[in-house]
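Read the structure below first, then the notes.
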Amino acid sequence: MKSALVTIPVTCRADVASSLEHRLRDLTLLNQAVWVYDFDHECVPWANAASLGVWQASNLKELQSRDLGKDVTDTVANRLRQYKADFERDESVQFREIWTLYPEGGPKTVEVIFNGFRLDCGRMAMLCEAVSDEKLEAESMRSAEALLHTSVMITLYSASGEPLYRNPAARSMVRKADEVLRDHFVSDATIRLLESASDDEIKVVANVHSANGQKWHDITARRCHDAVSGEHAWLISEVDVSRLKATEEHAQFLAEHDTLTGLANRNFVSVGFQNRIDQMLAKGETGALIFIDLDHFKDINDTLGHDSGDKLLIEVAGRLKTIVKEDESVARLGGDEFLLLLGPIKDSNYIQNVVKEMQELLCIPFALHGRDMSVTTSTGISVFPENGRQIGDLMRHADLAMYHAKGNGRNDFAFFSEDLSEAVVARINLESELVIAIKEEQFETYFQPRVDVQTNVITGAEALVRWNHPTKGLVPPDTFIPACEATGLISELCKFVLGQAVRAQCDWAKQGFDLLISVNLSPVQFGDDTLVEDLVNIVQENEGSPELLELEITESVLLGHDKQTIEKLNALVDHGFRIAIDDFGTGYSNLAYLHRYPIRCLKIDRSFIMQLETAKPIVELIVSMAKLFDFDVVAEGVETQQQLDSLRSYYCQEYQGYLFQRPIDFMSFTALLESQRILCA
Ligand code: C2E
Ligand code: CA
Ligand code: CA
């Protein structure tokens, strides 16, 4: 016996039994089997004589003493709970179902009418009446079982939508037993779909009302006839797919949105933006695609670190969202590229106004890990239908215009026009030409002397790369360094220049000229994990010495106090390299912080030397601070004697400039050194 049963006082059961005996005495001699099932105690407290056959019990006492909860499966227990709940809700409700009982282990299938039956103590029990004892067909017995125990919710509705039958699963789901079909659906569109369908079987996933709130159900609706009345009816079976739907929606959201910023992504753009463009075009409206690329984002990422980069992207996304109207959209295409879809456009200045608003908004500094940074953008615009009707064409055109704006020195915007393509194609060609140029060593290192301000004696040289283009002749670095940085070729190029510089240095040393040679490093190279070992290897391979080499970096490299960058700088210094800050004064450096870094030299940017009169206080400050920290100072771009005289009076040590010599090739530089030797002798 089950332990739970033992706890029930026998007297209570005896009481229940004797009061039932009295209440149900009229049924005792009925030919049909009738019994009472006690939900709570899982037993039959009363049964008439005919029931004993059904239950295969020798007498009533024996049946009463049976623990029916013993072999009950979870699904049957659930169904029984459901009956109880149904009767509690509505005592007049009646169910007619085919049940298979297992009185003594063997199956006994009976069709039973179940009615709610309140015991004297107030608890809900169930009066069960076996309708027919006739042999039911095996097929219908099994299908009835299946109907009863399946988790598929099955309801038979009349043609006008009144419920005729619900299986237990459907009953447990529905808000109220008499809910009509129309009220079951959240949207009227679903019932309209069913009513208008010409097929006999319709499948639809729809939002429905349930006892547990709104759910998504996978519904199969079949036109049929009610087996009792023969009238038209609907057999509706439903499976709860809410979780699947939620997962699906989440997956769909993830597939169409950028996880970092939450904005729509490229996938969404190709479908969602196209739909919106189609809508506008169908109404004869015009709109625009705005392709936005953040300037120098790579520098921020490389120098302030990826966390700061990510933070900036999130904040930029937030600000971009505020400038578009309700029907307009913002997407992130990846990296630092964003796309706006504007329209309908009613005012000819609208696009410019939005771009201006965006530029101003991004100018307001972002706080990035203790640093305030504002952002400029290069923006390209294509307009539809003028520049195309397909999202692919419009994006390509806006991208070309953006590329053009970037080429214009950034912080700019451009509208697409046909001739823009040519300029951009030229840039793309340049990038592929550079790959060949590196392979075929079309580059040559030039040298510009670094000179002592007081004595005009050459103390060193800066290595500056030139491209010996097969058809265009000598190409200056400003036209191809950005492309090398963008394509990652810069590391190879740097190794090439460093190798030539070291070999030149060794040659000159053999001739008695000990010169400090400086080589430029791009900020991009600090993202390169093998930077330090690559540079050390090149110097070793060419039998040079790092102590005689200075690496010129820009202030942006120091910008973020990025741990890895500083580690690389320190490692380079540990290997003996000297570090100089190039173009000093143009970046964000705070002079007072410079002593934190392993720096040996400041190269004052040419722009200060060009307007030395007005920049005098700055140059003097730089020189005196540098003295304090024991840095060397080199003035760049000295073109006139007057500039040189001023530098002399500020006690600046060294200079470079056209006044003394332009960058020249190795042979010319060797000749220059020789001529100085003659001069000095
Ligand atoms: P930079 O490092 O500031 O180099 C100095 C630039 O100023 C050189 O231009 C030089 O020719 C020019 N210059 C020197 N004296 C004068 C002067 O008196 N007046 C004027 N107007 N200009 C003067 P260049 O050789 O065209 O190089 C331009 C830039 O390209 C360099 O600026 C540097 O940033 C970059 N670059 C050159 N070679 C390399 C390289 O091997 N690696 C990297 N990463 N960058 C390089
Ligand atoms: Ca330089
Ligand atoms: Ca410079």
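Dividing the alpha-carbon radius of gyration of the stretch 205-356 by the rule-of-thumb value 2.2 N^0.38 Å gives 1.57. Could you pull out which residues in the stretch 209-246 have an amide N less than 16 Å from a spot 7 Å beyond the Cα of residue 183, following the Cα-Cβ vector? Zone members listed by number: 209-214. Choose one of 367, 595, 146: the residue whose Cα lies farthest towards the positive end of the charge dipole of the chain (beta-carbon charges +1 Lys, Arg; -1 Asp, Glu; about the Cα centre). Of the options given, the answer is 146. Farthest towards the positive end of the charge dipole of the chain, among the residues 622, 658, 130, is the Cα of 130, using unit charges on the Cβ of Lys, Arg, Asp and Glu.
Label zone (residue 286, point 7 Å along Cα-to-C-beta; backbone nitrogen cut-off 16 Å) within the stretch 308-347: 342-347.
Relative to the dominant Cα principal axis of the chain, helix 418-439 is inclined by about 70°. Net length available on complete extension from residue 439 to residue 324 is 36.7 nm, with 0.36 nm assigned per residue and the Cα-Cα distance removed.
So, with +1 on the Cβ of K and R and -1 on the Cβ of D and E, and no other charges, what is the size of the charge dipole of the chain about its Cα centre, to the nearest 20 debye?
Values: 65 positive and 105 negative charges, 306 e Å.
About 1480 debye.
Where the eigenvalues come from the Cα gyration tensor of the chain, what are the semi-axes √(5λ) of the equivalent ellipsoid, largest first, in whole Å?
Numbers: eigenvalues 1619, 187, 91 Å².
Equivalent ellipsoid of the chain: 90, 31, 21 Å, largest first.
What translational diffusion coefficient, to the nearest whole µm²/s, does the stretch 10-137 have by Stokes-Einstein, given a Kirkwood radius computed over alpha-carbon pairs, a temperature of 10 °C and 1.306 mPa s viscosity?
Details: Rh = 14.8 Å.
After rounding, the answer is 107 µm²/s.
Annotation: extensible slack from residue 21 through residue 149 equals 42.8 nm (criterion: 0.36 nm per residue apart, minus Cα-Cα distance). When DSSP assigns beta bridges and you keep just the ones with both residues in the chain, what percent turn out antiparallel, to the nearest 5? If we restrict to bridges inside the chain, about 75 percent are antiparallel. When only the Cβ of Lys, Arg, Asp and Glu is charged (+1, +1, -1, -1), the dipole of the stretch 10-137 relative to its Cα centre reaches about 180 debye. The angle separating the long axis of helix 10-23 from the principal Cα axis of greatest extent in the chain is about 60 degrees. Whole Å is fine, so just give me how far the alpha carbon centre of the stretch 367-434 lies from that of the stretch 535-558. Cα centroid to Cα centroid, the span is 36 Å.
Run lengths n ≥ 4 of DSSP H only: what is the helix-derived mean residue ellipticity at 222 nm for the chain, with -39500 (n - 2.57) per run over all residues, to the nearest 500? Mind dumping the intermediate values first?
Values: 24 runs with 278 residues, N = 681.
Taken over the chain, the calculation gives -12500 deg cm²/dmol.
Taking every DSSP beta bridge that has both ends in the stretch 372-530, the antiparallel portion is near 60%.
Take 278, 630 and order them by how many other Cβ atoms sit within 10 Å, fewest up front.
Least to most surrounded, the residues fall as 630, 278.
Relative to a virtual label point 7 Å from the Cα of residue 425 in the Cα→beta-carbon direction, which members of the stretch 364-406 show backbone nitrogen distances below 19 Å? Flagged as within label range: 387-388, 393-405. Axis angle, to the nearest 10 degrees, between helix 138-149 and the longest C-alpha principal axis of the chain: 60 degrees. Projecting label points 7 angstrom from Cα along Cα→Cβ for residue 564 and residue 225 puts them 7.7 nm apart.
Considering just Cα atoms, how many Å³ per residue does the convex hull of the stretch 350-497 enclose?
Working: hull volume 29.4 nm³, N = 148.
Enclosed volume per residue, from the Cα hull, is 199 Å³.
When both the stretch 516-533 and the stretch 285-320 are represented by their alpha-carbon centers, they are found 26 Å apart. Placing +1 on each Lys and Arg Cβ and -1 on each Asp and Glu Cβ, with no other charges, gives the stretch 257-418 a dipole about its Cα centre of roughly 180 debye.
Overall, the anisotropy analysis places the stretch 323-433 in the oblate class: the square-rooted eigenvalues a ≥ b ≥ c of its C-alpha gyration tensor yield a/c not less than 1.5, with a/b not exceeding b/c. Can you work out the FRET efficiency for the pair residue 85 and residue 255, with r the C-beta to C-beta distance and R0 = 35 Å, to the nearest 0.05? The formula returns an efficiency of 0.25 here.
Residue separation of residue 369 and residue 159 scaled by 0.36 nm, minus their Cα-Cα distance, works out to 68.9 nm of gained length.
Ranking 196, 401, 75 by how far each Cα lies toward the positive end of the dipole of the chain (charges on Cβ) leaves 75 at the top. The ranking of 474, 464 by Cβ neighbour count inside 10 Å, starting from the fewest, reads 474, 464. The shape of the stretch 167-215 can be summarised by an equivalent ellipsoid whose semi-axes, obtained from the alpha carbon gyration tensor, come to 21, 12, 10 Å from longest to shortest.
Which FRET efficiency, nearest 0.05, do residue 241 and residue 115 yield, Cβ-Cβ r, R0 25 Å? In this case the efficiency is close to 0.10. For residue 73 and residue 353, the FRET efficiency from 1/(1 + (r/R0)^6), where r spans their Cβ atoms and R0 equals 51 Å, is about 0.15.
Any read-out appearing in this document is the output of simple, stated calculations on the displayed coordinates, not a laboratory observation. All of these numbers come straight from a predicted model, not from anything done at the bench. Using ideal geometry, Cβ is built from the backbone for each residue, glycine included, and neighbour counts are taken over all protein chains shown.
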